[in-house]
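Since the structure comes first, as structure tokens, the remarks are kept for the end.
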Amino acid sequence: MLIILGFTQISYGMNPVGHWKFSEMIYQGQTISIPNPDLNLVWTFFSNGTERLYWDRGTPDFCERWSHYTIDQNQLTTEVFALNPKNSSECGKDPDMQVGKISKVKLEIFETKIYLYFQLSDEQLIYVLKKQNL
């Protein structure tokens with residue numbers, strides 16, 4: 001399915017395969033810079049249905065997990081199947097860093113951006129991921 005919205009092309013059937021870096025957030029309609037400029041948060045989607053989530057804050061400590069993913073309509077579903085054994089001890093506090101965790105989030109894929117819609121109580125927070133060329 002292809003939708004033209006203004007001058008932006010949105011393709012819900014587009015494959016997300018590649019590297020995507022967290023670049024900004026949208027909260028209450030306002031674009032906000034990431035809260036910590038040292039945060040390196042990257043999603044990598046592989047063509048075999050595997051996804052890697054990795055983050056660090058410019059220090060040797062990091063968190064990394066692997067999941068299986070599916071996209072149905074504009075919903076991303078992930079199920080964590082592995083964690084890096086060298087993860088920081090802080091990673092265990094993050095629910096997305098636990099084996100067996102299933103997450104579902106609304107997803108929109110633009111030409112060079114992915115929008116992930118997270119629900120925070122009654123508010124919505126959108127993570128904007130920018131395509132990385134490696």
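The values are calculated or read from the model by the stated rules, or taken from the named source; none is laboratory data. Worth saying up front: this structure is predicted, and the values here are computed from it rather than measured. Virtual Cβ from ideal backbone geometry, glycine too; neighbours counted across all protein chains shown.
At-a-glance table
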{"quantity": "Qualifying residue in the range 86-101 (condition: assigned to a strand (DSSP E or B), more than 12 Å from the chain's Cα centre (by Cα) and either at pLDDT below 95 or not acidic (Asp, Glu) (or both))", "calculated": "no"}
{"quantity": "Some residue of the range 72-85 being at pLDDT 95 or above, polar (S, T, N, Q), part of a strand (DSSP E or B) and surrounded by 17 or more Cβ atoms within 10 Å (Cβ to Cβ)", "calculated": "yes"}
{"quantity": "Checking Cys91 against (1) crowded, with 16+ Cβ neighbours inside 10 Å; (2) farther than 22 Å from Arg57 by Cβ, the condition it does not meet", "calculated": "(2)"}
{"quantity": "Residue list for the range 16-36, filter: over 14 Å from the mean Cα position of the chain (by Cα) and part of a loop (DSSP other than H, G, I, E, B)", "calculated": "Gln28, Gly29, Pro35, Asn36"}
{"quantity": "Cross-chain or 6+ apart pairs with Cβ under 9 Å, the range 27-39 first and aromatic (Phe, Trp, Tyr), then not in a loop (DSSP other than H, G, I, E, B)", "calculated": "Tyr27/Leu120; Tyr27/Glu123; Tyr27/Gln124; Tyr27/Leu125; Tyr27/Ile126"}
